[in-house]
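Novice: Mind looking over this structure? Questions follow.
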Amino acid sequence: MNWNWEILPDFIFNGLRDGAVYAAAALALVLIFKATTLINFATGELAMLGAFFVYVLNVEQGLWLWLSIAIAMLISAAIGAAVERTLVRPFDPADHLPVVLITLGLFLIINAVAGDVWNYQVRRVNDPFGHFPSWVPNGSELKTSSEGNIACLENADGDLAEVAAGTAGAEMCEMVGRTFFEVIGARLHYRTIGIWIALALALIALALILGKTKAGLAFRAVSSNTESARLVGVNTGRTLGFGWALASVFGTLSAALVAPALGGVNPNMMLTILIYALAGAALGGLDSLGGAVIGGLVVGLIKSVLVSWFGVVVLGQAYFSILQLAMAFLLILIVLLFRPAGLFGTRRIERV
Amino acid sequence: MSDDNWPSPMPRPGDDDETPGADASVFAAFAPPHDAAIAALPDDTTAAESPEEATATAPPEDDDFGPELAEAALSVRSAPQGVPAGGPQTASGVGNRVRGLASAGGADRVVSPRRRSGPLSWIGAVLLAVWLVAMPLASSVTELRQNTQIVVMVLAVLGVNIATGYGGMISLGHGVFVAVGAFGAAYAVDDLALPWVVSIIAGAAFAGAIGALVGLPALRIKGIHLALVTLGLAIVFQPLAKRVPTFSGGVSGRAVGAELVPPSWFGTTRWAEGLYRYVICLAVVGLAMWLTHNIIKSRPGRAMRAVRDNDTAAAVYGVNLVASRVSTFAASATLAGLAGALGIVLVPFTSQESYPFQESLVLYATAVLGGLGSIWGSVLGVAIREVFSAIGGFLGDVSGLGPLGEFLRLLDEEQFVFGVLLVALTFVFPRGLIGMFNRSKPWLRYGWSRIAESKSLQN
């Protein structure tokens with residue numbers, strides 16, 4: 001046992017960074033499940049499509065990165081709403097199987113189409129949080145650039161590695177500039193902070209939309225009780241479409257945030273993230289929005305701290321690193337077996 | 001009063017897609033002696049009992065319903081003296097329920113009514129027979145092997161069908177069982193140097209054991225949640241299999257050294273060897289289909305479908321839910337594993353690369369396309385899959401790409417075509433394509449309501 005405490009904060013930061021991405025993806029799942037009790041198996045692929053839109057707009061068309069992300073979110077929202085309107089709404093929401101089949105079909109279609117259009121190579125994207133913007137003061141808390149170089153190279157081995165910087169070598173890192181603060185002896189990367197801020201802003205926006213707008217009120221009414229909502233005059237169909245649009249926006253956000261860390265976009269990029277997101281959503285409770293956020297963060301922490309830090313560093317068993325995905329799967333299994341409602345979900349009572 | 005005039009024994013309110021009587025006939029088939037005894041009662045005992053007593057005639061454990069049966073029969077017989085004057089209307093309703101159960105247990109209506117097959121099914125049968133005979137004669141060695149692989153694939157699809165169509169448990173992870181069967185058989189025949197027959201059985205059995213393990217959570221996890229878990233299994237499997245090189249051959253896969261050599265009287269040409277393997281695979285597939293058919297028509301199969309349609313009711317009728325669910329999943333995984341084991345007979349190489357999670361989804365899609373809950377539906381699904389991949393291959397040739405791009409494009413085509421088919425058929429043929437062959441039921445309207453637990457989640 002080699003309790004390497006001093007590197008634990010690094011793992012915690014990494015875990016919370018990955019967790020934030022999972023939280024966004026889990027929110028995409030939960031927004032749909034909450035309203036319709038359906039799991040959209042195509043969530044990951046729709047998100048992947050959004051990341052490709054960002055790639056096309058930003059890298060190929062040369063638009064400003066944040067504008068690209070915003071446009072990609074809008075397109076995804078439109079696609080999500082269109083999918084709901086054309087493929088999901090014709091079916092009885094109480095009967096799950098048709099929609100399982102439809103979303104699985106979509107999964108296959110989107111994956112194949114993306115593979116056909118962009119093939120399966122990893123395509124580099126620009127990182128919205130690659131290095132600190134120029135207005136961040138060069139205070140003493142920033143590392144010097146020489147140490148920053150080393151960080152770049154070291155990081156190339158991490159699970160969410162800065163592949164681009166790592167493979168390009170030291171010169172590349174010099175160009176990229178400083179990428180982290182030092183907090184309690186650990187490196188708090190700009191990307192980590194940026195993902196947290198992006199998620200926080202998106203959550204605030206979601207809370208405002210659901211809490212303050214009429215559409216949000218309708219969404220809450222429908223997800224609370226579809227029949228009653230319809231009886232009091234809520235247009236349930238349009239509201240569910242709105243829910244799918246919101247979910248697609250969150251999916252695209254998660255994919256756009258995680259793409260630079262994966263080295264770029266490719267059609268299979270969201271597969272593993274879908275599993276972690278499902279684990280997070282199941283842990284938090286499939287119909288709890290707050291639960292999805294907490295669940296996603298916890299899954300990120302478990303993956304990083306329990307598996308990577310405790311397993312690999314403390315126990316010194318390298319094979320623990322392959323258990324990350326298996327851990328997510330086991331988590332889904334255990335939660336659904338022993339507490340199907342998750343931590344914060346509503347318990348369903350079956351009447352026979 | 002003839003049996004046919006009696007009302008549906010177990011009415012299910014709000015479910016007008018249900019064929020009347022089909023459910024109850026499945027349940028009632030578990031207690032034929034009990035039903036027969038009640039059926040033997042004279043008609044004037046209809047004015048009977050309070051509902052509690054009437055339902056109490058359903059035995060909680062089917063193996064020891066003897067005493068209860070006698071008791072129930074006695075109480076029904078003695079009932080007429082105690083009937084309140086104002087109660088014939090409701091009381092006769094209850095009586096009808098009892099008799100409805102009895103009628104459903106009658107010999108002519110056990111389980112599903114015999115399906116009348118339409119003319120299409122004859123055409124299909126003839127086409128299939130012609131293909132099975134003519135194909136080996138007309139193909140080269142390579143084509144014969146590929147076509148044999150298609151035949152073997154029926155097993156895997158049938159496996160999905162048993163779990164989902166008959167057992168009501170959505171399994172999106174059957175590719176995992178195919179892979180486990182292949183790895184297991186390869187391990188047995190190479191590393192343990194067992195004979196082929198034993199190895200194939202060992203591979204299938206190993207897959208079945210894994211399937212039983214996966215079936216355990218299915219006891220509590222149902223419906224869409226089970227779909228989620230099995231999809232997770234399918235996605236997790238490939239990266240895990242890469243890390244177990246002794247079993248799966250790791251990243252590069254494992255070549256199988258042993259070869260299935262036909263006896264000398266069969267011929268020694270490569271084509272004859274291929275034909276031998278074809279005959280063996282065809283025999284195994286036929287045997288498996290026949291066994292599956294028999295299992296489904298017998299007691300475990302009825303239990304399976306009863307659990308699918310309403311597990312609580314099935315438990316009340318004495319079905320052991322644990323045994324039924326686990327054995328259903330194990331049986332379905334065994335079939336999938338058998339497909340994997342036969343796969344290495346045909347191509348002496350296996351690798352985790354061959355079993356990405358998409359393969360599991362395509363297997364599921366194939367079963368759904370053909371028609372869940374029908375053995376021939378699985379055959380039809382595989383046939384459709386091959387027709388479409390042939391069309392896709394043809395189109396891929398036309399567009400004139402490089403060999404690698406074409407290969408990838410072909411793979412994509414299959415995924416893409418299956419995705420489109422899944423979406424389209426869910427709209428048009430909710431019961432799968434096999435519905436076309438079945439005249440007795442409205443295939444366009446029938447819907448998915450039969451298939452399982454979606455009901456229990458409605459509330």
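Each reported figure results from applying straightforward, stated rules to the coordinates on display, with no laboratory input. Values in this document were obtained by computation on a predicted structure and should not be read as measured data. Cβ placement follows ideal geometry from the backbone for every residue including glycine, while neighbour counts extend to all protein chains displayed.
Novice: For A:Ala247, what charge total do you get from the other residues with a beta carbon under 10 Å from its beta carbon, if Lys and Arg give +1 and Asp and Glu give -1?
Specialist: 0
Novice: Right, here's the next one. Place the peptides A:30-38, B:258-266 in order of packing, highest mean first, counting for every residue the other Cβ atoms within 10 Å and averaging per peptide.
Specialist: Ranking the peptides A:30-38, B:258-266 by packing returns A:30-38, B:258-266.
Novice: I would also like to ask the following. Describe numerically, in nm with one decimal, the distance between label points set 7 Å from Cα along Cα→Cβ at A:Gln121 and at B:Ser252.
Specialist: 2.7
Novice: Just tell me how shielded A:334-342 is by partners: mean number of partner chain Cβ atoms within 10 Å of each residue's Cβ, no decimals.
Specialist: 3
Novice: Arrange the following residues from fewest to most other Cβ atoms within 10 Å of their Cβ: B:Val307, B:Val423.
Specialist: B:Val423, B:Val307
Novice: Can I ask one more? Between A:Trp66 and A:Asn4, what length comes free when the chain is fully extended (0.36 nm per residue of separation minus the Cα-Cα distance, one decimal in nm)?
Specialist: 18.4 nm
Novice: So how much slack lies between B:Ala193 and B:Val141, counting 0.36 nm per residue of separation and subtracting their Cα-Cα distance, in nm?
Specialist: Value of the extension gain: 16.0 nm.
Novice: First measure r as the distance between the Cβ atoms of A:Leu74 and A:Ile322, then evaluate 1/(1 + (r/R0)^6) with R0 = 56 Å and state the FRET efficiency to the nearest 0.05.
Specialist: 0.90
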